[in-house]
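Here the structure is laid out as structure tokens; the discussion comes afterwards.
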Ligand code: ADP
């Protein structure tokens, strides 16, 4: 029995899941937060237990060492040699990677080269790789790219109407994000449709960050995020698509630099900015239920922007067989799903069973009525499982 680890390293955090192989059951999951700050926190979940420890982690290296030492001390593994492979989530793979890649000189250089396109993420993802390489040098390591699934998009979907040299020379194009989730959820949706030869699926990954994708016969045709994960629909703190001319206008009126306004676009906009309540949809929903006008308009705006993307994907795909909701809001917020689907009923014949939509259940399920022209599904995402499977496939791990 081997162990496979799926890693998601952020600038100040490190999330991971350890899997058994064969079987892919999760043995332990954990997160180290506030790396580099005065005091850090590590949370480990295993055997139905949850351990939380506060201790400082100057860098990711100390965080990884601590986690691995804990796995040994808690007898979750008996030797580090059991960990045969490690998969690292990388946010930006540019046009280089249409699938996962073994970490070697070439792929590391490319992830590094792409850092200007994801300045907060790619360097952090590489830091995670280096920390694990140091701690378990004999384990195989791979990169799994958030952008890879979207590489099947055609130029008419990934190009911006800017001077063409900005694409060829400066790599300005739509890359998308959340690709591992879109791939997993669309595959599950196709399975739920009975694995037809041809399928048209729209995936709505609605979490703190949110993106939609249009998937035809298992291949991504279009996605809502763009050059960066700021584009597309309304998010927790991100604005999604806005008129580009707002940027210089705000710079002038607020006497701020473009970088400062971009920070507002990223961190103070979206649900938080419009509602003035919170970036968390649960808080905005509570305010909505109390009749808070700005919370009400936030929900309406959110549902409208998502529905408009779904509508445009109906056109692109020539119809839709299934709409799949996933991630924190997509999986849990019945009101959000209802408001989005209500927008689609008159034009597209999408009808959900409201009682079913309001019922909490685990696992994949259908919430549309028998008469609905489109199946509406809830599919909990599992990016870590996809990463672990790619580790096994790419490294040829047999047991
Ligand atoms: P990310 O991975 O992008 O940080 P998640 O997929 O975990 O985000 O989604 C986080 C969001 O999901 C939260 O902001 C919250 O609004 C929403 N969410 C989580 N649980 C619930 C719930 N039970 N009801 C409604 N919304 C929820």
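Data table
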{"read-out": "Bridge type composition, the chain - antiparallel percent by DSSP, nearest 5", "value": "70 percent"}
{"read-out": "Along principal axes, Cα extents of region 237-394, largest first, whole Å", "value": "55, 49, 33"}
{"read-out": "The chain, relative contact order in percent, only Cα pairs under 8 angstrom and at least six apart counted", "value": "14 percent"}
{"read-out": "Residue 243/residue 362 FRET efficiency (R0 51 Å; Cβ-Cβ; nearest 0.05)", "value": "0.80"}
{"read-out": "Residue-averaged 222 nm ellipticity for the chain, from DSSP H runs of 4+ at -39500 (n - 2.57), nearest 500", "value": "-12000 deg cm²/dmol"}
{"read-out": "Residues in region 193-237 reached by a label modelled at residue 11 [backbone nitrogen below 17 Å; 7 Å Cα→Cβ]", "value": "209, 228-231, 237"}
{"read-out": "Cβ-based exposure ranking for 201, 32, in which fewest neighbours within 10 Å come first", "value": "32, 201"}
{"read-out": "Cα gyration tensor of region 1-126 - equivalent ellipsoid semi-axes, whole Å, descending", "value": "26, 20, 11"}
{"read-out": "Region 90-196: translational diffusion in µm²/s, Stokes-Einstein, Kirkwood Rh over Cα pairs, 10 °C, 1.306 mPa s", "value": "104 µm²/s"}
{"read-out": "Footprinting exposure proxy for 37, 71 (fewest neighbouring C-beta atoms within 10 Å first)", "value": "37, 71"}
{"read-out": "P(r) histogram, all alpha-carbon pairs of the chain included - 10 Å bins from 0, percent", "value": "5, 21, 31, 28, 14, 2, 0"}
{"read-out": "Sorted by Cβ neighbour density within 10 Å, fewest at the top, the residues 304, 282", "value": "282, 304"}
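Just so you know, all these numbers are worked out from the coordinates, no wet-lab data involved. Since the model is a prediction, treat every value here as computed from it, not as a measurement. Counting neighbours? That spans all protein chains shown, and the Cβs are built from the backbone with ideal geometry, glycine included.
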